[in-house]
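Scroll down for the structure; my scribbles are underneath it.
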Amino acid sequence: MDRLRELLRENRKQYLLFGLLSLAILGCVGVLTAVTPQVFLPYFGSLHPMLAILGVIALGVVLMTLVLSRGWFAVYTPGPLRERLALTVFLPTLLAVGMVLVDSVAVLPEDINVPVPYSLLFYPTMGYVVEILFHLLPLSLAFLAVPSLAEDSNRSLRLWVVLVAVALLEPAFQLQAGFSGPIPLWATVYVGLNILTINLAQLYLFRRYDFLTMYAFRLVYYLGWHVVWGTVRLGVLF
């Protein structure tokens with residue numbers, strides 16, 4: 001108990017930031033559950049959305065406590081934002097533009113995006129869920145199994161083998177889930193590679209910087225692809 005109190009005291013700002021983000025996500029889910037609960041059905045099934053997100057948040061707190069106590073990762077590390085700008089803004093924007101071009105040619109199913117204004121709450125929520133389940137959880141388990149990974153530099157081959165393995169989880173999951181309608185094979189391959197690139201970039205940012213920088217990358221991508229283009233495409237392609 002003393003060790004836990006000491007950890008909380010030493011990482012007060014880290015827990016505060018993660019707590020504020022988690023509360024914001026909980027609020028997003030609360031609003032969406034009140035106005036359009038069916039939006040979570042494909043992801044949470046019959047489980048009540050509030051219970052699902054509370055479970056994810058609880059898992060996130062446990063995992064953050066683990067990685068903070070070992071010094072493996074951080075919620076936020078201060079530093080010049082310009083160092084992170086290229087990867088957190090320019091790259092996800094470029095990847096979103098690539099998906100827009102693919103969608104313009106292949107015309108993906110109409111229901112791939114949640115419409116505005118619900119998308120403004122839905123995608124930050126699902127981004128948070130993805131970061132916990134597909135990034136923080138598997139990386140924590142990998143570092144727990146091989147603690148010496150924390151000592152590897154960002155250029156370490158062993159570390160990158162782990163990062164690539166973790167990065168494959170989300171594209172494998174999304175491609176297995178598939179689309180509601182048929183799409184060309186080349187478009188499926190592109191989508192898989194696009195998601196893999198997103199995950200690799202995010203995991204690199206998490207390792208080099210922190211959780212919030214990783215999460216910001218996904219928010220920028222979601223804003224361009226799911227929110228902006230997700231609204232425009234309904235009038236342009238359908």
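The values are calculated or read from the model by the stated rules, or taken from the named source; none is laboratory data. If you're wondering where the values come from, they're calculated on a predicted model, not measured in any experiment. Counting neighbours? That spans all protein chains shown, and the Cβs are built from the backbone with ideal geometry, glycine included. Areas reflect the complete protein model, heavy atoms only, side chains present, ligands, DNA and RNA absent. Shrake-Rupley method; radii C 1.70, N 1.55, O 1.52, S 1.80 Å.
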Set the Förster radius R0 to 41 Å, insert the Cβ-Cβ distance between Glu83 and Phe179 as r into 1/(1 + (r/R0)^6), and round the FRET efficiency to 0.05.
0.65
Please report the Cα spread of segment 114-230 along all three principal axes, rounded to whole Å, starting with the longest.
44, 31, 20
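Summarise the accessible area of the chain (1.4 Å probe, protein heavy atoms) by the percent that is carbon and sulfur.
70
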What percent do you get for the relative contact order of segment 1-237 when only Cα pairs under 8 Å and 6+ apart count?
31
To the nearest 10 degrees, the tilt of helix 119-130 (Cα long axis) against the first principal axis of the alpha carbons of the chain is 50
Answer check: the chain, Cα atoms, Kirkwood Rh, Rg/Rh ratio of 0.97
Suppose the chain between Lys13 and Val105 were pulled fully straight at 0.36 nm per residue; how much longer would it get relative to their current alpha carbon spacing?
28.5 nm
Over the chain, with the other protein chains present, what is the accessible area per residue in square angstrom, probe 1.4 angstrom?
51
Whole-Å distance linking the alpha carbon centroid of segment 124-186 with that of segment 62-104 is 13
Heavy-atom accessible area with a 1.4 angstrom probe orders His226, His135, most exposed first, as His226, His135
